[in-house]
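A short worksheet on the structure shown next.
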Amino acid sequence: MTLQFAISPDFPPEHIAGWYIFNTWLQRTLDCAIHLQLYDNFNTLRKAIESDRLDLVYANPFDASLLIREKHFMSLARADNLQDEAIILTADQHPARHIEDLCPDTIIAATDVPDIEMMGMIMIEPADLNRDNTQLVTCDNYVMVAKQLLNGEADIGFFLAEAFDSLSDLVKKQLRPLVRSQIQVIHHSLMAGPVLHDRHTALMTLLSTMDTSEKGRGVLDALKISRWIPIDQEDSEFMIDLMDTLMID
Amino acid sequence: MQDMCPRDIVGDYTEHRLRYFDGSQRTVLVSETETPYPEGRLIVSRTDLDGVLTHVNQSFVDMAGYTKQELIGTPHSILRHPDMPRAAFADLWQTVTAGKPWQGYVKNLRKDGGYYWVLATVIPNVRQGRVVSYTSVRRKPSRGKVEEHTALYRKLRMEEDQ
């Protein structure tokens, strides 16, 4: 039997090779075949989760509730140095200096990454803005979001903070952050489906000790992760509760 | 809960006697100093079924002005401001004990007598079909909503006092 492994579509493109290397390491370590499936967008990933086609998922926090509470997945680990934080930007020439300067009919450029969109929408609430009085333009990637701002086609852009930090200095200089989230408890998680429940503890141990071997460190380097931090079920439940509160308008 | 202490208060203050739902009372000392909501942050806490704090994040600690040790094990109502109408908290408890989420604008009282406004969302935490605790997340409210609720709560308090 080949296990099916999916990565949340919002991973940075430069990490693709790293995930294939991780998958190879996982197959050798577990001594079983694992197929790594990449999805173009969150809708197709969600359909795969809903139709029980996946056994391992590196999941966006937005999918954690569906995976854990409905599909009986168990959390394994999160990356030590990666948290999901959002940043709202304008073009440097835009008149808004603070979130409160934004007006109804603001045009927002964003990707389809659901937790970043949710955090962005929360951070514009102090200007009395919401989905009903703004216009959301969905872009394929963060470079396209930046282009929308620089071309004056959007007023603000929602970015994953890490994605903004990795833009070139030339682009960053032309953009101005209005607000950056500091939530600290929302993160992607590696999760195992019911077929792996009997190997859950062993998997957590393998992941959390990866950084103690040279081979394991090499794999982590390819993923740009310093180490995996084990997550217990209650930590995941807490994050899901938090996400649930944030989804209430 | 202990009465608030004058030496903790910054600036001029007025004294109020609050009565809580469990029948207990506490003297609170209130100043007119507003602490701005910190940009980009969420204030997060969890309580048990009796409203006693079991978890607070750093933003909660920073805004409340108490230490984490002072907060854990204390009723959440330690932050209750006398400008809040009793009806708001009655609605909160009625809603969450019915297993539903509650959202509302709340003026909270700091240890130093000042205050801060939040948009609070409270949800019941369900485990194995049972409500075991409540999670509360606060975010930054708009000034328009703060002004609207300042007036609304003043009216409600006047009605409650009659």
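Every number here is computed from the coordinates shown, using simple stated rules; none is lab data. Remember, predicted model here, so these are calculated numbers, not experimental data. As a convention, Cβ positions derive from the backbone with ideal geometry for all residues, glycine included, and neighbour counts pool all protein chains shown.
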Problem - For the stretch A:215-234 versus the stretch A:149-177, the gap between their alpha-carbon centres in whole angstrom - result: 29 Å
Exercise for the section: Using the Karplus curve 6.51 cos²θ - 1.76 cosθ + 1.60 with θ = phi - 60°, work out ³J(HN,Hα) for each residue of the stretch B:76-90 in order, rounded to whole Hz, and write x for Gly and Pro. Expected result: 4, 5, 4, 9, 5, 9, x, 6, 7, x, 4, 4, 5, 6, 5
Fill in the blank from the handout: Per residue of B:130-142, other chain Cβ atoms within 10 Å number on average 4
Exercise for the section: Compute the longest continuous run of chain B that contains no exposed GluC sites (Glu not before Pro); treat a site as exposed when its DSSP state is not H, G, I, E or B and it has at most 16 other Cβ atoms within 10 Å. Expected result: B:40-162
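Check each of the trypsin sites (Lys or Arg not before Pro) in the stretch A:44-98 and keep only those in coil by DSSP with at most 10 other C-beta atoms within 10 angstrom; list them in order. Intermediate results must be reported in sequence, preceding the final value.
Values: sites: A:R46, A:K47, A:R53, A:R69, A:K71, A:R78, A:R97; in loops: A:R53, A:K71, A:R97.
Loop-located and lightly packed - A:R97.
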Handout entry: Cβ-based net charge around B:A87, under 10 Å, with every Lys or Arg adding one and every Asp or Glu removing one
Key = -1
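Which of rounded, prolate or oblate describes the stretch B:23-162 when judged by the alpha-carbon gyration tensor and an a/c cut-off of 1.5?
Values: a/c = 1.42, a/b = 1.20, b/c = 1.18.
It comes out rounded by the Cα gyration axes.
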Exercise for the section: Give me a single rounded figure for A:234-245: the average over its residues of other chain Cβ atoms within 10 Å of their Cβ. Expected result: 5
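Is there a simple number for the mean count of other chain Cβ atoms within 10 Å of the Cβ of residues in A:182-193, and what is it? Spell out each step's value before the answer.
Numbers: counts 7, 7, 6, 3, 1, 0, 0, 0, 0, 0, 0, 0.
The shielding value for this peptide is 2.
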Exercise for the section: As a check on your grasp of the helix formula, calculate [θ] at 222 nm for the protein assembly as shown: sum -39500 (n - 2.57) over DSSP H runs of n ≥ 4, divide by the residue count, round to the nearest 500. Expected result: -9500 deg cm²/dmol
